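The values are calculated or read from the model by the stated rules, or taken from the named source; none is laboratory data. Remember, it's a predicted structure, so these values are computed and weren't measured experimentally. Because the Cβ atoms are built from the backbone with ideal geometry, glycine has one as well, and the counts that use them run over all protein chains shown. All accessible areas refer to the heavy atoms of the entire protein, side chains included, with ligands and DNA or RNA removed. Shrake-Rupley method; radii C 1.70, N 1.55, O 1.52, S 1.80 Å.
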Amino acid sequence: MASVRRKPTISAGWKTQIACAAVLLVALFPAPGYMVKSDDFKRCDQSAFCVRQRAYADFADKVYNDSKDSRLSPYELVAGSLKFDEKAGLVTASLLDAENKIPFSLSVSLLERNTARVQIKETRPVKSRYELSGDLALASELPKSVPISSSTNSKDSSETTVVFGEKKQNSLVIRAKPFAFSLSVNNVPAVTFNEHGYFYYEHWREKDVAAGLANQDASSSSGDLVVETGITDDEEKKLKEALNKDLWEETFKSTTDSKPNGPASMGFDISFPGSSNVYGLPEHAANFSLLPTRGKGKVYDDPYRLYNLDVAEYILDSPMALYGSIPFMFSHKKGVSAGLYWMNAAEMWVDVEKHDESDILSKASKWLPFGSHKAPKASTTAHWMAESGAFDVFIFLGTKPMDIFDSFTALTGRPVLPQHFAVAYHQCRWNYIDEQDVADVDANFDKFDIPYDVLWLDIEHTDGKRYFTWDSAKFPNSEQMQNNLAVKGRKMVTIIDPHIKRDDSYKVYKEAKDLGIFIKDKNGNDVDGWCWPGSSSWIDYTDEKARKYWAERFKFSEYKGSTPSLFTWNDMNEPSVFTGPEITMPKDALHNGGVEHRDVHNVYGTLLHRSSYEGHLLRSDNKERPFILSRAFFAGTQRYGAIWTGDNFAKWDHLEASVPMLLSVGTSGVVFSGADVGGFFGNPEPDLLVRWYQVAAFQPFFRAHAHIDTKRREPWLFGEPYTSLIRAAIRERYKILPYIYTLFAEATRSGAPIMRPLLAEFPEDEATFAIGDQFMLGSGILVKPVISKDQESVNVYVPQASVWYDYHTHAKLAASTSGHVTIKTPQERIPVLLRGGSIIPRRERVRRASNLMLRDPYTLWVALDQQGQAHGELYADDGHTFQYQENKYILSALSYTHNTLSSTLHTTQTSAPSESTITEVGSRVERLVIVGLKTAPKRVVVTEGGKKSDREVLVESEKLADGLVRVTLRDPAVIVGREWEVKLEF
Ligand code: NOJ
C-alpha cells in the first residue's frame with residue numbers, strides 16, 4: 001500500500017482528512033499495472049552515510065590500486081597494548097585512528113559454539129552510543145566464553161595468533177598495522193576483516209569542531225594517505241566533499257532529518273576467502289546467493305539495504321529494503337562455513353563484491369598476507385555500513401552451514417515451537433466481511449472437503465481501525481463466531497497494528513497517552529502521523545512499561561469479544577507511517593530514555609511482536625503457546641512466531657521470488673515464514689493459483705491472502721479441475737504435518753531451517769552452492785516450483801550423493817551424471833522428490849482441521865539409500881501447551897538398517913516419555929511403506945519392548961517402473977513413543 005499513499009502537506013485538519021481519504025481510495029483500488037514507486041525510498045546516493053562510507057571504500061580501493069605500498073588504513077593497534085585473558089577467552093587492545101588521532105578500544109571475546117564477538121568503542125567519546133541491550137536483541141544470556149588455548153607473536157611482532165575452540169581448531173590472527181584480523185578453521189582462512197581497508201568509524205564530534213578525515217589538512221595528517229598515494233587534487237576534493245555529506249542534517253523529498261547528534265556511522269569490509277557465495281541479509285526480493293553490488297561483476301548499483309519499510313508491490317530482483325532486516329550473513333566453501341551478525345538495529349547498507357582468481361592473483365602480494373600462505377581462487381567481500389549504534393559484531397565459524405545456523409540461533413534465540421494448528425493451512429483475505437461471510441466460507445471448506453485450520457480477519461473487522469475492538473454491526477457476536485469454528489477444531493486470527501487512533505474516546509489511546517508510552521517527535525510531543533485509522537500515535541515498545549501495557553490488552557477481560565481460539569496478526573509494524581519520510585517514522589523521533597528512533601528502527605516491529613507474544617502468554621497464564629504473525633522482523637524474531645513476505649503480486653515471477661526470499665529468511669533464524677499464496681495484489685489466473693498452492697504446501701507458513709480490491713478466490717471458486725487440484729495440494733500438506741511438526745521441533749533445538757537451501761544438506765557438493773530456486777523441506781524432501789504457465793517439464797538439480805524417488809509414484813529417479821534431470825510437470829504435480837535414506841512420518845486420514853487428526857495413526861514412508869538404509873525422527877506432543885518442556889513429548893529416532901526398522905528414544909530426549917504421555921500423544925503406526933527394496937520380504941517380525949509379537953502383518957508389494965519393489969506393511973500396530981523393531985525377512 002505504501003507508495004500510493006501520498007502524504008498530506010499539512011499535518012492536520014479537514015484538508016488532510018480529505019487528502020488522506022483520497023489516498024486511501026487510491027490505495028484500495030490501485031490502477032492496473034501499478035508498481036511500487038521506487039523514488040518513495042532512498043537510494044544509496046540519497047542516504048548521506050551510505051555516500052560517506054562508499055566514498056571511503058572507493059578511496060581505500062584507489063589507494064590500494066595506485067599505491068606501491070601494502071594496503072593502507074589509518075587504524076592501528078597501539079604498540080604493546082594487546083592483552084590476553086586466557087581463562088576468560090578475552091583479547092583486548094588499544095586501537096588508534098592515526099589519521100584523526102582518535103583512540104578506540106578493541107575487544108574480542110571468544111565464545112562457545114565457535115563464536116567470536118568483536119567490539120570496538122571510542123575510548124573517550126563525547127556522547128555515548130546506543131547499545132542494543134542483550135534483553136532486546138539476544139535470546140537470554142551470552143554464550144559462555146571459552147579459554148584461549150595458545151597465543152603467539154610473529155617474529156617481527158606484526159601479527160599475533162590466538163588459538164581457541166574445543167579441538168583447538170580455530171585461530172584468530174590479528175595484524176597490528178594497519179589493523180586487520182582473520183579467523184581460520186582447521187588452518188583454512190574463513191573470514192578476514194579490513195583486508196580492503198574499508199574500516200571507517202565516524203567518531204562522535206561536537207557540531208562546531210571541524211573533524212574527520214575530510215576536514216584535515218592532508219599534509220598534516222599522520223597517515224599521509226592522500227599524499228603518498230598520489231591521488232589527484234580533484235579526487236581529494238571530491239573525497240572530502242563526500243565524507244562531509246550532510247553530517248548534521250539530511251533532507252529527503254519534503255522531509256528533513258534533524259540529526260542533532262551528527263555523524264556516527266561505521267563501515268568495514270569482511271571477506272570470505274575461497275568462497276564465491278554469500279547468503280542472508282534478508283529481506284530482499286533477490287537471489288538467494290547474493291548478487292554483487294560492487295566491483296567489476298556488479299549486478300545492482302545500490303548496496304543491499306536493511307531498513308524496515310512498507311514497500312507495497314515491491315519490485316523483484318532488487319536490493320531495495322523491505323519489511324524486515326536481519327543483519328546476518330553467511331558463506332560456505334567445502335569444509336568451512338562462516339557467518340556474521342552485527343547486533344545493531346540502525347539502518348544499514350551492505351555492498352557485496354566477488355573477486356575471481358585473476359582479480360586475486362593480480363593483487364596476491366597484498367591480498368591475504370596474513371593468516372594464510374596461499375591466495376584463494378575466489379573470494380567474496382561484503383562492505384557493511386551502519387548509520388549509528390554500536391560496533392558489536394559476532395562471527396561464527398564451522399565446517400558446514402548448519403553449524404552457523406546453530407550458533408546464530410543459540411545467540412539470538414531458538415525458534416519457538418508453534419501450536420500444531422499454526423503449521424496447517426490458513427485462509428485469509430482483506431476482508432471477510434461479517435459473521436455470515438465467515439460462516440459461509442467455513443461451511444464451503446467442509447462442503448468441498450478441503451481442510452483448513454484458521455480463518456483470518458483483516459482491519460475492516462474493527463470499529464474504525466481501533467484495534468482490540470469489533471465493528472458491532474458486522475461482528476455483533478464475535479465470541480459465538482469463534483466458538484462455532486472452535487467446535488470444529490478451527491481458530492481465528494484478528495489483525496492488531498501498532499498505530500493507535502488519536503481519539504480520546506478510544507480506551508487504548510487515552511490510557512497510552514496518559515501513561516506517556518507513545519513515541520515522541522523531536523519536540524517531545526506524541527508523534528502524530530497518518531495510518532489506517534487516520535491521525536495516529538505509535539506505542540513505544542522499547543519501553544518495558546509500554547510492552548506490559550500492550551500485553552495486558554490481550555487479556556480476555558480487556559479484549560472484549562476475544563476467546564482462547566483467537567490469535568494475532570501484527571501488521572504495519574516497520575512502522576508504516578503514511579505521512580513519514582519513506583512512509584515510516586522520522587529518525588529523529590524519540591523513544592523511552594531519549595533514544596533516537598534511528599537507533600532502534602529495525603527492532604521496533606519485533607518488539608511489538610514480542611509484546612503481543614507476551615500478551616498471549618499472559619492471557620493463558622503461560623499455559624498455551626502463542627501464535628503471532630508479524631510483517632516486520634529482526635534478528636531474533638523466531639522467538640515470537642512467524643513472518644510473511646508482505647504485499648506480493650499475483651504474478652508468476654512473484655511465485656518464483658518467494659522461494660529465494662523464504663530461504664534467505666529461514667537461514668537467518670526466522671524458520672517460520674511464508675508468502676501470501678496466490679499473491680496479494682491482483683487476480684491470479686487459476687493455473688498460477690494452483691501452482692502456488694502446490695509449492696506453498698511444502699513451505700513453513702501456509703496462508704492464502706488477498707487484497708480487498710481483488711476478486712474472491714477461495715479454493716472452490718474456480719471450478720474443475722482447479723478446485724480438485726487445490727484440494728489435493730492442501731490435503732497433501734495435512735498428510736505431512738507430522739513430518740513438518742517434527743522439523744519445527746528440530747528447529748527449537750538447533751535452529752535448523754524448516755525450508756533449507758540445498759547447500760545446507762549437501763555442503764560437499766559445490767554445484768548446490770548457488771542454488772536458490774529449489775529447496776529441501778527438512779532433509780528428506782526436495783521441491784522445485786513450476787513458475788510459468790503451461791510449463792510441461794522442469795529441470796531439477798539432484799545431488800548425486802543421494803538416490804532420489806519421485807514423491808508421488810515412489811519410482812527411483814534414473815541416475816544422471818550431471819545431476820540435472822528433467823521432470824514432467826502435468827497440472828497435478830510439481831517436482832517433489834524423496835531423498836533416499838529418509839523416513840517421513842505421515843498421517844493419511846485427512847480431516848477438516850489438523851487438531852482432529854492428532855490422535856490418528858501414522859504411516860511411515862521409508863525411502864532407502866544405496867546401502868539400503870534410512871533414518872528419521874518423529875516428534876509428537878499435545879500440540880498446544882508448554883508441557884513438552886516438562887518431558888511430556890515423544891521424540892523417536894527411527895532407523896532402517898539390516899532390513900529392520902527400529903524406533904528408539906532420540907538422543908536429545910534425556911528420559912523416556914512416561915506411559916501417560918505415550919497414551920496421551922503417542923499413536924499407532926498403521927502402515928509402513930518401504931521404497932527401494934529389490935524383492936519383497938517373505939515374513940515380517942515385530943518386536944516391542946524386547947518381546948516378539950505374534951501379530952501377523954499383511955505384506956503387499958508392488959513392482960514399480962524402476963524395477964524396484966515398494967512394500968507396504970499393513971498395521972504392524974507398533975506404538976509411537978515406545979521402543980520397537982519391525983524386521984523384514986527375505
Ligand atoms: C498491509 C498488509 O501487508 C496486508 O497483508 C493487509 O491486508 C493490509 N495491510 C490491510 O491490513
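Would you please give the FRET efficiency between Thr900 and Arg924, computed as 1/(1 + (r/R0)^6) with r the Cβ-Cβ distance and R0 = 22 Å, to the nearest 0.05?
Details: r = 19 Å, r/R0 = 0.87.
About 0.70, to the nearest 0.05.
Just from its helices, what would the mean residue ellipticity at 222 nm be for the chain, if runs of 4 or more DSSP H residues each count -39500 (n - 2.57) and the sum is divided by every residue, rounded to the nearest 500 deg cm²/dmol?
On the way: 18 runs with 200 residues, N = 986.
For the chain, the value works out to -6000 deg cm²/dmol.
In vacuum, with every alpha carbon of segment 516-623 counted as one equal point scatterer, what does the Debye formula give for log10 I(q)/I(0) at q = 0.10, 0.16, 0.21 Å⁻¹? Two decimals, please.
Log-scaled intensity ratios, in q order: -0.30, -0.72, -1.11.
For segment 49-196, what does the alpha-carbon gyration tensor say about shape, rounded, prolate or oblate, given a ≥ b ≥ c as the root eigenvalues, a/c under 1.5 as rounded, and a/b over b/c as prolate? Walk me through the numbers before you get to the answer.
Values: a/c = 1.67, a/b = 1.23, b/c = 1.36.
It is oblate, given that a/c is not under 1.5 and a/b is not larger than b/c.
Against the 2.2 N^0.38 Å scaling, with N counting residues, where does segment 756-985 land? I'd like the Cα-based Rg ratio to two decimal places. Don't skip to the answer; put the middle values down first.
Numbers: Rg = 18.7 Å, N = 230, 2.2 N^0.38 = 17.4 Å.
Normalised Cα radius of gyration, segment 756-985: 1.08.
Can you tell me the length gained on complete extension of the stretch Lys488 to Ile708, counting 0.36 nm per residue apart and subtracting the Cα distance?
Values: separation 220, 0.36 × 220 = 79.20 nm, distance 2.71 nm.
Contour length minus the Cα-Cα distance gives 76.5 nm.
Rank by packing, highest mean first: peptides 534-547, 655-668, 589-602, 811-824, with packing defined as the count of other Cβ atoms within 10 Å averaged across residues. Could the numbers behind the result be given before it?
Numbers: 534-547: 22.5, 655-668: 26.8, 589-602: 20.9, 811-824: 13.3.
Highest-to-lowest ranking by the protection proxy: 655-668, 534-547, 589-602, 811-824.
Modelling each spin label as a point 7 Å along the Cα-to-Cβ direction, I'd like the Thr255/Glu141 distance in nm, to one decimal.
About 4.1 nm separates the two model spin labels.
If you stretched the chain out fully between Ser505 and Ala815, how much longer would it get, using 0.36 nm times the residue separation minus the C-alpha to C-alpha distance?
Details: separation 310, 0.36 × 310 = 111.60 nm, distance 6.99 nm.
Value of the extension gain: 104.6 nm.
Pull out the extension gain between Glu112 and Asn444, defined as 0.36 nm times the separation in residues minus the alpha carbon to alpha carbon distance; nm, one decimal.
On the way: separation 332, 0.36 × 332 = 119.52 nm, distance 5.32 nm.
Difference between extended and current length: 114.2 nm.
With the Cα gyration tensor of the chain giving a ≥ b ≥ c as the square roots of its eigenvalues, does the rule (a/c under 1.5 for rounded; else a/b larger than b/c for prolate; else oblate) give rounded, prolate or oblate? If you can, show how the numbers build up before the last one.
Details: a/c = 1.84, a/b = 1.25, b/c = 1.47.
Note, shape of the chain comes out oblate.
How high is the relative contact order of the chain, in percent, counting Cα pairs under 8 Å that sit 6 or more residues apart? Display every interim value, and only then the final one.
On the way: 2443 pairs, mean separation 94.4, N = 986.
Once divided by the residue count of the chain, the mean separation gives 10 percent.
Work out the charge dipole of segment 756-985 with +1 on the Cβ of Lys and Arg and -1 on the Cβ of Asp and Glu about the Cα centre, then indicate which of Ser949, Tyr807, Ile839 is farthest towards its positive end.
Projecting each Cα onto the dipole axis, the largest value belongs to Ser949.
From the C-alpha gyration tensor of segment 817-915, pull out the three semi-axes of the equivalent ellipsoid (sqrt of 5λ each), sorted largest to smallest, in whole Å.
Values: eigenvalues 178, 89, 26 Å².
For segment 817-915, the semi-axes come out at 30, 21, 11 Å.
Sorted by packing (mean other beta-carbon atoms within 10 Å per residue), highest first, where do 131-139, 453-461, 743-751 land?
Values: 131-139: 16.2, 453-461: 22.7, 743-751: 20.8.
Result, highest mean first: 453-461, 743-751, 131-139.
Evaluate segment 239-365: find the radius of gyration of its Cα atoms, find its Kirkwood radius, and give the ratio Rg to Rh. Don't skip to the answer; put the middle values down first.
Working: Rg = 16.7 Å, Rh = 16.7 Å.
Expressed as Rg/Rh, it is 1.00.
Could you work out the relative contact order of segment 593-727, using alpha carbon pairs under 8 angstrom and six or more residues apart, expressed as a whole percent? All intermediate terms of the calculation are to be shown ahead of the outcome.
Values: 198 pairs, mean separation 23.9, N = 135.
For segment 593-727, the relative contact order is 18 percent.
When a/c reaches 1.5 or more, the comparison of a/b and b/c decides; with that in mind, is segment 706-859 rounded, prolate or oblate per its Cα gyration tensor? Walk me through the numbers before you get to the answer.
Numbers: a/c = 1.68, a/b = 1.23, b/c = 1.36.
Note, shape of segment 706-859 comes out oblate.
Quick one: if the Förster radius is 25 Å, what FRET efficiency do Ser157 and Thr123 give, using the C-beta to C-beta distance and rounding to 0.05? Could the numbers behind the result be given before it?
Details: r = 23 Å, r/R0 = 0.90.
With a Förster radius of 25 Å, E is 0.65.
For Gly389, what charge total do you get from the other residues with a beta carbon under 11 Å from its beta carbon, if Lys and Arg give +1 and Asp and Glu give -1? Walk me through the numbers before you get to the answer.
Working: positive: Arg129, Arg598; negative: Glu131, Glu347, Glu387, Asp392, Glu596, Asp599.
Around Gly389, the surrounding residues sum to -4.
Add +1 for every Lys or Arg and -1 for every Asp or Glu among the other residues with Cβ under 11 Å from the Cβ of Pro533, and state the total.
On the way: positive: Lys465, Arg466, Lys501, Arg502; negative: Asp463, Asp497, Asp503.
In short, +1.
Could you tell me the relative contact order of segment 756-985? Use alpha-carbon pairs under 8 Å, at least six residues apart, and round to a whole percent.
Numbers: 514 pairs, mean separation 36.2, N = 230.
Once normalised by length, the contact order is 16 percent.
For the chain, which whole-number percentage of the solvent-accessible area (1.4 Å probe, protein heavy atoms only) is attributable to carbon and sulfur atoms?
Values: 17140 of 34370 Å².
The value for the chain is 50 percent carbon and sulfur by accessible area.
Cut-off 17 Å, label point 7 angstrom out along Cα-to-Cβ of Asp317: give me the residues of segment 639-682 whose amide nitrogen falls inside.
From segment 639-682, the list is 649, 651-661.
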